1. Could you check the spin-label model distance between H37 and Q11? Points 7 Å from the Cα along Cα→Cβ, value in nm.
2. Given Cβ point charges of +1 (Lys, Arg) and -1 (Asp, Glu) and nothing else, what value in debye, to the nearest 20, does the dipole of the chain about its Cα centre take?
3. Beyond 19 Å, what share of the Cα-Cα pairs of the chain remains, rounded to the nearest whole percent?
4. Each residue of the range 6-18 in order: what ³J(HN,Hα) in whole Hz does its phi give by Karplus 6.51 cos²θ - 1.76 cosθ + 1.60, θ = phi - 60°, with x for Gly and Pro?
5. Charges on Cβ only, +1 for Lys and Arg, -1 for Asp and Glu, centred on the Cα centroid of the chain; of I13, H24, L58, which one is farthest towards the dipole's positive end?
6. Can you list the residues of the range 46-60 with backbone N under 19 Å from a point 7 Å past the Cα of R4, pointing along Cα to Cβ?
Amino acid sequence: MGNRYFQQAQQAIQDAHQAMNAAHTPESLEQAYTEIHRAKQALSQAFADSSQAERQQLGEMQDELYNAAEAFSPEDLI
């Protein structure tokens with residue numbers, strides 16, 4: 001079955017990426033920020049209940065999410 005929190009973090013990161021890619025209106029921009037926040041929370045929760053190997057993968061996913069969120073430019077909507 002695997003680590004439920006790890007799987008939730010993976011899904012949350014995927015959802016955040018999809019929301020960032022779809023952010024073309026103020027409403028979808030707000031949704032993207034919400035999904036980014038959820039992904040960060042899911043990562044935090046997953047770290048607490050993961051093996052060392054899972055933590056390494058979570059760290060990589062966290063870096064990927066933070067880099068994507070940092071590059072996410074809402075100014076493109078203006």
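1. Modelled inter-label distance: 2.1 nm.
2. Roughly 340 debye for the chain.
3. Summing the P(r) of the chain above 19 Å gives 35 percent of all pairs.
4. 5, 5, 5, 5, 4, 5, 5, 5, 4, 4, 5, 4, 4
5. The residue sitting farthest along the positive end of the dipole is L58.
6. 46-51, 54-55
Every number in this text was worked out from the coordinates using simple rules, so none of it is lab data. All values reported here derive from a predicted model rather than from experimental measurement. Ideal geometry is used to build each Cβ from the backbone, glycine not excepted, and the neighbour counts take in all protein chains shown.
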